[in-house]
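The values are calculated or read from the model by the stated rules, or taken from the named source; none is laboratory data. This one's a predicted model, so the numbers in the text were calculated from it and none came from an experiment. Quick reminder, even Gly has a Cβ in these numbers, built from the backbone with ideal geometry, and neighbours come from all protein chains shown.
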Amino acid sequence: MTESTATRLDEVSMSLGDDFPDIRESVRRICADFPGAYWRDLEAREAYPTDFVAALTQSGYLGALIPETYGGAGLPLRAGAAILEEIHASGCNAGPCHAQMYIMGTLLRHGSPEQKQRWLPGIASGALRLQAFGVTEPTTGTDTTKLKTRAVRQGDHYVVHGQKVWTSRALHSDLMLLLARTTPQEEVKKKTDGLSVFVVDIRECLGQGLEIKPLKAMINHHATEVFFDGARVPAGNLIGEEGKGFKYILDGMNAERILVGSEAIGDARWFTRTAVAYANDRRVFDRPIGQNQGVQFPIAHAHAQTEAASLLLRKASALFEAGLPCGAEANMGKMLASEAAWHAAEACLQTHGGFGYAKEYDVERKWRETRLMQIAPVSTNMVLAYVAEHVLGLPRSY
Ligand SMILES: Cc1cc2nc3c(=O)[nH]c(=O)nc-3n(C[C@H](O)[C@H](O)[C@H](O)COP(=O)(O)OP(=O)(O)OC[C@H]3O[C@@H](n4cnc5c(N)ncnc54)[C@H](O)[C@@H]3O)c2cc1C
């Protein structure tokens, strides 16, 4: 750490209270119109929460992080975290639309003035949906630099061939941020070079070398498989410099980790509240089940873990907003939050006994949904490998 970074660290402050109370209250009011029955019905029909997303879009919360000059609210990352946390604490799921809030970060930080003017106002108003982020591929998984999707320059276009998997919301998005290889790995010095980021206009490419198929999954996450077979992307849609895309994607990932971690905090709060209410209410052996330490301790333990994870995520947000390195805090915060949420989910399901399996309680649905956060957007092992190598100085393990 340099001396100036250390000095600046001393100047970074963070809120310990329920920050952004007005925003939280307003998000809770919106979510009250979308109770458990709404989400259960969507899941049964594998449908997209169009009304929920429209309500959030109208409120302007999905454009919270876009600067006011482009029609957004110009709020700090921590406000976005509070919005997503409240959505999840209310029993709703921001997964169908959270990417509208943060994928644009890559465009905002690395796009040209013309590109920002072209897309950001539409994204801020919701007229343009930038909900899809195509990184993961079926054969290379977490080993991102080996991804095989190729974009080859031909005149004023790039021609794309390859396949993405688990691309969420691609069927509910107008634009996709795509990471593709523009220079073969054999021809670059560093394996992270030669990857480029594009804004793909799904509306223009669909049926013209682009095919998207729904991918059935454990939760209603609108996941898809995306097939590129000669899709033509205008060269003007390349973000930043050709070959530097990996770096651009990476620096958007800290924001994503902090925001998804905050959703996990929201889930944990929902599970804890729901478990406590049921444990106080349900009487077996002539007393509330919550009187048993075997029932109350797992809930209390998860609550303590949630508080700790929330603090680390607040620190990560504060560092991010100060423009200081926050990779360690963002990764560890997301990991701990996803684990706290999972422990809270387990405690909640166990507290409900057999009724934890009854769909009408929403516990089993939230339990399935929150499990994802230990895998996506980054799996726990990869966070631990990062901490071991980059924070602790242990040898790289892979
Ligand atoms: C519902 C859902 C939505 C998703 N949405 C998107 C999306 O919108 N866009 C997108 O690009 N991706 C998306 N993903 C993909 C997600 O980011 C990946 O699934 C995740 O990063 C893990 O990659 P993988 O599935 O290929 O696992 P793999 O890379 O195959 O890894 C499998 C397991 O092995 C472990 N592992 C692998 N290598 C190592 C190692 N060196 N050391 C220790 N452990 C290791 C991993 O931690 C993991 O637990 C989504 C996934 C899901 C399930």
Q: Among the residues of the range 219-238, write down those that are more than 16 Å from the ligand (Cβ to nearest atom), more than 18 Å from Q163 (Cβ to Cβ) and not polar (S, T, N, Q).
A: P234, A235, G236, L238
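Go through K334, K315 for me and flag whichever is more than 24 Å from D281 (Cβ to Cβ) and away from the ligand (no atom under 16 Å from the Cβ).
On inspection, the qualifying residue turns out to be K315.
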Q) Got a number for residues in the range 140-179 being within 24 Å of A217 (Cβ to Cβ) and either surrounded by 16 or more Cβ atoms within 10 Å (Cβ to Cβ) or near the ligand (Cβ under 9 Å from one of its atoms) (or both)? A) 25
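Yes/no per residue for (1) of a type outside the set (F, W, Y); (2) more than 16 Å from the ligand (Cβ to nearest atom); (3) assigned to a helix (DSSP H, G or I); (4) closer than 21 Å to V197 by Cβ:
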{"site": "I66", "(1), (2), (3), (4)": "yes, yes, no, yes"}
{"site": "G72", "(1), (2), (3), (4)": "yes, yes, no, yes"}
{"site": "A82", "(1), (2), (3), (4)": "yes, yes, yes, no"}
{"site": "I87", "(1), (2), (3), (4)": "yes, yes, yes, no"}
{"site": "C92", "(1), (2), (3), (4)": "yes, yes, no, no"}
{"site": "M101", "(1), (2), (3), (4)": "yes, no, yes, yes"}
{"site": "R109", "(1), (2), (3), (4)": "yes, yes, yes, yes"}
{"site": "R118", "(1), (2), (3), (4)": "yes, yes, yes, yes"}
Q | Residue list for the range 120-139, filter: in contact with a strand residue (DSSP E or B) (Cβ under 7 Å, 6 or more places away or on another chain), within 12 Å of the ligand (Cβ to nearest atom) and outside any strand (DSSP E or B) | A | V135, T136, E137, P138
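Residues checked against (1) part of a helix (DSSP H, G or I); (2) within 16 Å of the ligand (Cβ to nearest atom); (3) touching a helix residue (DSSP H, G or I) at 6+ places or on another chain (Cβ under 9 Å):
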residue: E360; (1), (2), (3): yes, no, yes
residue: L372; (1), (2), (3): yes, yes, yes
residue: P377; (1), (2), (3): no, yes, yes
residue: R396; (1), (2), (3): no, yes, yes
Q: Go through the range 269-286 residue by residue and tally those that are touching a strand residue (DSSP E or B) at 6+ places or on another chain (Cβ under 8 Å) and surrounded by 20 or more Cβ atoms within 10 Å (Cβ to Cβ).
A: 1
Q.
For the structure I just gave you, tell me whether E321 is more than 14 Å from the ligand (Cβ to nearest atom), outside the structural domain of S15 (by TED's automatic domain parsing), surrounded by fewer than 22 Cβ atoms within 10 Å (Cβ to Cβ) and farther than 30 Å from L9 by Cβ.
A. no
Q. Taking E68, is it buried (at least 24 other Cβ atoms within 10 Å of the Cβ) and charged (D, E, K, R)?
A. no
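Results for (1) touching a Ser or Thr at 6+ places or on another chain (Cβ under 8 Å); (2) under 20 Å from L107 (Cα atoms); (3) of a type in the set (V, I, T), shown as yes or no for each residue.
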{"site": "K146", "(1), (2), (3)": "yes, no, no"}
{"site": "Q154", "(1), (2), (3)": "no, no, no"}
{"site": "V159", "(1), (2), (3)": "no, no, yes"}
{"site": "Q163", "(1), (2), (3)": "yes, no, no"}
{"site": "A170", "(1), (2), (3)": "yes, yes, no"}
{"site": "L178", "(1), (2), (3)": "yes, yes, no"}
{"site": "T183", "(1), (2), (3)": "no, no, yes"}
{"site": "V188", "(1), (2), (3)": "no, no, yes"}
